Amino acid sequence: MKSDGIAVIPVVTIDGPSGAGKGTVASLVADAKGWHLLDSGALYRIIAVAGLAKGIDLADEASLVALSEQLDIVFADGKVTVDGADLTDGIRTEEAGNSASQVAALPPVRGAILTLQQSFRKAPGLVADGRDMGTVVFPDAPVKVFLDASAEARAERRYNQLKNKGLGVNLRALLEQIQERDARDRNRAVAPLKPAEDALIIDSTHMSIDEVVATVIAQLSIK
Ligand code: DC
């Protein structure tokens, strides 16, 4: 690690496919350490949802870049506010996730929010959750985790989450959506979903959230 400026602020990166439990693990690790949290997927979801609301085509790179530079995004008290409107629930739908995956495949959009993401690196530390946190956004992070789980386990977790919220869902359709999103995220030309060379790969298929959190925190004490 460099000894000057921002690079001395520790970062834990948690990358992996949709539904592996990254969000929950990242938030629990951040709470346990008293560190900041970056939910980078939320940024892509916000750009997609705000873009659609303004009638922007999700393939229109120039308009999406311009939009991402204008949006006033505030994460506070577990809520996401964009230009004053509460989008906390609006960005969490399956549709928003699929739209986010399309927007995230556009290199200029990824470039447009790189500095914004890096600005979350503040003392005493940051837990960053996404797909390219360890490979692109924070390549010097001292602890990198790639959290994986089988597509079937991830679809089943999502199914239970949605069912508990009282939403009617179809497990097979969820599995297909997850596989489709994985394929798009893993095969895109820029910043594809893949473990950093120095990442610890954790397969959470048969692990509880608490076991995963303990494994990540143990890594922090080793480094
Ligand atoms: O983690 P999530 O489901 O909220 O992410 C939504 C989409 O955004 C996902 O399909 C991939 C994309 N994404 C990305 O490409 N890079 C990130 N760092 C985070 C998310």
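Just so it is clear, none of the values below were taken in a lab; they were calculated from the coordinates. As the structure is a prediction and not an experimental result, all values here were calculated from the model. Glycine also receives a Cβ, built like all others from the backbone with ideal geometry; neighbour counts cover every protein chain displayed.
Under the definition of Cα pairs under 8 Å and six or more residues apart, what whole-number percent is the relative contact order of the range 51-98? Walk me through the intermediate numbers first.
Working: 32 pairs, mean separation 8.3, N = 48.
The value is 17 percent.
Quick one: length gained pulling Asp203 to Thr24 fully straight, 0.36 nm per residue minus the C-alpha distance?
Separation in residues times 0.36 nm, less the Cα-Cα distance, equals 62.9 nm.
If I take every Cα pair under 8 Å that is 6 or more residues apart in the range 68-157, average their sequence separation and divide by the length, what percent do I get for the relative contact order? Relative contact order for the range 68-157 comes out at 15 percent.
Loop only per DSSP, at most 10 neighbouring Cβ atoms within 10 Å: give me the trypsin sites (Lys or Arg not before Pro) in the range 86-180, ordered by residue number.
For trypsin sites (Lys or Arg not before Pro) across the range 86-180 that sit outside H, G, I, E and B with at most 10 neighbouring Cβ atoms in 10 Å, the list reads Lys165.
Ordered by the number of other Cβ atoms lying within 10 Å of each residue's own Cβ, fewest first, Val127, Val8 fall into the sequence Val8, Val127. Across the chain, the mean sequence separation of Cα contacts (distance under 8 Å, 6 or more residues apart), normalised by length, yields a relative contact order of 33 percent. For GluC sites (Glu not before Pro), the sites in the range 163-223 that DSSP calls loop and that have at most 16 other Cβ atoms within 10 Å are Glu197. Using 1/(1 + (r/R0)^6) with R0 = 30 angstrom and r between the beta carbons of Lys122 and Asp83, what's the FRET efficiency to the nearest 0.05? With R0 = 30 Å, the Cβ-Cβ based efficiency is 0.80. Residue exposure proxy: Leu174, Leu116, ordered by other Cβ atoms within 10 angstrom of their Cβ from fewest to most, comes out as Leu116, Leu174. The simple spin-label model puts a point 7 Å past each Cα toward its Cβ; for Asp60 and Asp210 those points are separated by 5.0 nm.
What is the extension gain from Ser150 to Val190, computed as 0.36 nm multiplied by their sequence separation minus the C-alpha to C-alpha distance, in nm to one decimal?
So the extension gain works out to 12.0 nm.
Would you work out if the range 81-172 is rounded, prolate or oblate? Take a ≥ b ≥ c from the square roots of the eigenvalues of the alpha-carbon gyration tensor; rounded if a/c is under 1.5, else prolate when a/b is larger than b/c, oblate otherwise. In terms of gyration-tensor shape, prolate.
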